[in-house]
Amino acid sequence: MMSGLNTMYTIWLREIWRFIRERERIVGMIGQPLLYLLIIGRGISATMGIRGAPAGLDYVTFMYPGIVGMSILFTSVFSAVSVIWDREFGFLKEVLVAPVPRWAVALGKALGGATVTTLQTVILLVLAPFAGIRLTLGGVAEMLAMAFLLSLALTSFGLAIASRMTSMQGFQMFMNFLIMPLFFLSGAMFPLTDRVPAWMRALMHFDPLTYGVDALRHALYSGPVLEVMRAAQLVRFNLWTDVAVLAGLSLVLAAVGTMAFSRAS
């Protein structure tokens, strides 16, 4: 058991150091959400807004948690690409033949990816006041907890896919095919209201990221603002429903990712 915990900690620490040393990656992780907020968010807010939204609630306020969710989705899934890098450079082979449990390596990678994504969320929260979002200490703590839970599920999902892939190009093409529908149907860009077509509403209910974005809105907003958003159907589910879905998804996907990695050759 101690060997497994030590392995998990070593792999987790390696993922953190790799993130800190890759400055270009940090710039890209911050730059993409900022572009969405400054260009798409401000553009739509100034010209169209949200149909049926109450006065004083602009599109950027609605969109901000969705952009954080998008950032968590992309960073978490693509953090699993390190498995393919490690395979190409021979590091994975050394790990797999080492006398350490494979489940510990898989969990270390999943926890490392989730921690990196949570650190990125901290950076995005620092920028929140520039988007006109007011933060509270409790809201920040809830948001980071939701971000970690969502990221753990998504990183495990990426790990399960990467364990079956042999090339970087194949992984990126396949994941782009999967994650773009997840993002567009998550309620990040437009709300899950009764005005959405029935077939799309059904797909949005099946999209796990929908519950993640909804949980982030619960965490970020409270009091009268949250009630206004709930009345306008901009916050769709109960917080505990979101947490239950995310927790269940994290457990299932962590198990799937660990099994897939354990069978990797």
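Please return the ranges of helices (runs of 4 or more DSSP H) entirely within segment 182-262 where 3 or more residues are in contact (Cβ under 8 Å) with a residue 12 or more places away in the chain, farther than 25 Å from V60 by Cα and open to solvent by less than 40 Å² (accessible area, probe 1.4 Å).
Here the list reads 239-262.
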- line: When segment 67-95 is checked residue by residue, the ones that are open to solvent by 10 Å² or more (accessible area, probe 1.4 Å) and of a type in the set (D, E) are E88, E94
task: Please find, within segment 6-31, the residue that is farthest from V81 (Cα to Cα) out of those that are of a type in the set (D, E) and either surrounded by fewer than 16 Cβ atoms within 10 Å (Cβ to Cβ) or over 20 Å from the mean Cα position of the chain (by Cα) (or both).
output: E24
Output for segment 183-198, where each listed residue is over 17 Å from A215 (Cα atoms) and either of a type in the set (S, T, N, Q) or in contact with a Lys or Arg (Cβ under 9 Å, 6 or more places away or on another chain) (or both): D194, R195
- request: Could you check E142 against (1) at pLDDT 80 or above; (2) within 23 Å of L13 (Cβ to Cβ); (3) of a type in the set (D, E, K, R) and say which number it fails?
  value: (2)
message: I want to confirm something. Restricting to segment 123-139 and keeping residues that are of a type in the set (V, I, T) and either modelled with pLDDT of 90 or more or open to solvent by 60 Å² or more (accessible area, probe 1.4 Å) (or both), which single residue is farthest from F183 (Cα to Cα)?
response: T136
Where a residue in segment 71-91 is free of Cβ contacts under 8 Å to residues at least 40 places away in the same chain and its partner, wherever it lies, is in a helix (DSSP H, G or I) and not polar (S, T, N, Q), with Cβ under 7 Å and at least six apart: D86/L92
- request: Mind telling me which of the residues A147, A110 ends up being outside any loop (DSSP other than H, G, I, E, B), at pLDDT 90 or above, touching a Leu at 6+ places or on another chain (Cβ under 9 Å) and not polar (S, T, N, Q)?
  value: A147
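The values are calculated or read from the model by the stated rules, or taken from the named source; none is laboratory data. As the structure is a prediction and not an experimental result, all values here were calculated from the model. All Cβ positions, even for glycine, are placed from backbone atoms using ideal geometry, and neighbour counts span all protein chains on display. Calculation scope for accessible area: heavy atoms of the full protein, side chains included, ligands and nucleic acids excluded. Shrake-Rupley method; radii C 1.70, N 1.55, O 1.52, S 1.80 Å.
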